[in-house]
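A short write-up of the structure that comes next.
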Amino acid sequence: MSDTPQVTVLLSVDDGLGSPVSHDEMTLALQTVLTAEGVERPCAVSVSIIGPDEMQGLNAAWRGIDVPTDVLSFECDSPFEGEVPADETVELGDVMLCPEVIEAQAPTFGNTFVEEFRLMLVHGLLHLLGYDHVDEESALAMEARELEVLRALAESRGDDPDAVRIGPTTRHLDD
């Protein structure tokens, strides 16, 4: 692909919360995901950092699971289906991240809080582009793309891309 897609990340952080990754890194993550997927047109995504109570409410309302979760994604438009005129920005959707849940689960998967947060951000972005993990085959495809993107991001930070661990997203198969 010749061009880096123009991206906009609209970041919302609930009071008293923070993100272990900068807005610039979130933007780079979205650019990296879109480049890997061959998307060249301008895209926007909303990323919200929320607490466990709000996340539990969303998870209960949308998935029927009454516990807080790490990440939820809500798709809007697809950059692949021509729904949006070519000269307009594609609104991909919303990624909701819960740092408290992400931090608590990180050691279970051998990750630091920051590593797990990056993984969940990329995971959520991939959901907006149609990836899922409803069966073993789709989970493995999603994990492969996550690893590719996270290694590219590590390299851009000057970190060792071979040190990236993603853990199994298939842990969500039972959800």
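The values are calculated or read from the model by the stated rules, or taken from the named source; none is laboratory data. This one's a predicted model, so the numbers in the text were calculated from it and none came from an experiment. Glycine gets a Cβ as well: all are built from the backbone with ideal geometry, and neighbour counts include every protein chain shown.
Taking the range 39-55 as the search range and keeping residues that are surrounded by 18 or more Cβ atoms within 10 Å (Cβ to Cβ) and among the aliphatic types (A, V, I, L, M), which one is nearest to Leu147 (Cα to Cα)?
Val39
Just to be sure I understand, how many residues within the range 11-38 are in contact (Cβ under 8 Å) with a residue 24 or more places away in the chain and in contact with a strand residue (DSSP E or B) (Cβ under 8 Å, 6 or more places away or on another chain)?
11
Of the numbered conditions (1) touching a residue at least 60 places away in the same chain (Cβ under 8 Å); (2) more than 20 Å from Thr8 (Cα to Cα); (3) outside any helix (DSSP H, G or I), Val47 satisfies every one except a single condition; which is it?
Every condition holds for Val47 apart from (2).
Any idea which of Leu121, Leu128 is within 24 Å of Leu28 (Cα to Cα), crowded, with 17+ Cβ neighbours inside 10 Å and in contact with a strand residue (DSSP E or B) (Cβ under 6 Å, 6 or more places away or on another chain)?
Details: Leu121 fails: in contact with a strand residue (DSSP E or B) (Cβ under 6 Å, 6 or more places away or on another chain).
After applying the criteria, what remains is Leu128.
Filter the range 110-135 down to residues that are part of a loop (DSSP other than H, G, I, E, B) and hydrophobic (A, V, I, L, M, F, W, C) and give me whichever is modelled with the lowest pLDDT.
Val134
Just for the range 20-38: of the residues that are touching a helix residue (DSSP H, G or I) at 6+ places or on another chain (Cβ under 7 Å) and outside any helix (DSSP H, G or I), which one is surrounded by the fewest Cβ atoms within 10 Å (Cβ to Cβ)?
This residue is Pro20.
crowded, with 20+ Cβ neighbours inside 10 Å, in contact with a Pro (Cβ under 7 Å, 6 or more places away or on another chain) and closer than 24 Å to Leu10 by Cα: which single residue out of Val149, Val90, Val95 fits that description?
So the residue among Val149, Val90, Val95 that is crowded, with 20+ Cβ neighbours inside 10 Å, in contact with a Pro (Cβ under 7 Å, 6 or more places away or on another chain) and closer than 24 Å to Leu10 by Cα is Val90.
For the range 59-87, what are the residues that are of a type outside the set (Asp, Glu), out of contact with any Ser or Thr (no Cβ under 8 Å at 6 or more places or on another chain) and crowded, with 19+ Cβ neighbours inside 10 Å?
Hits for the range 59-87 are Pro68, Thr69, Val71, Leu72, Ser73, Pro79.
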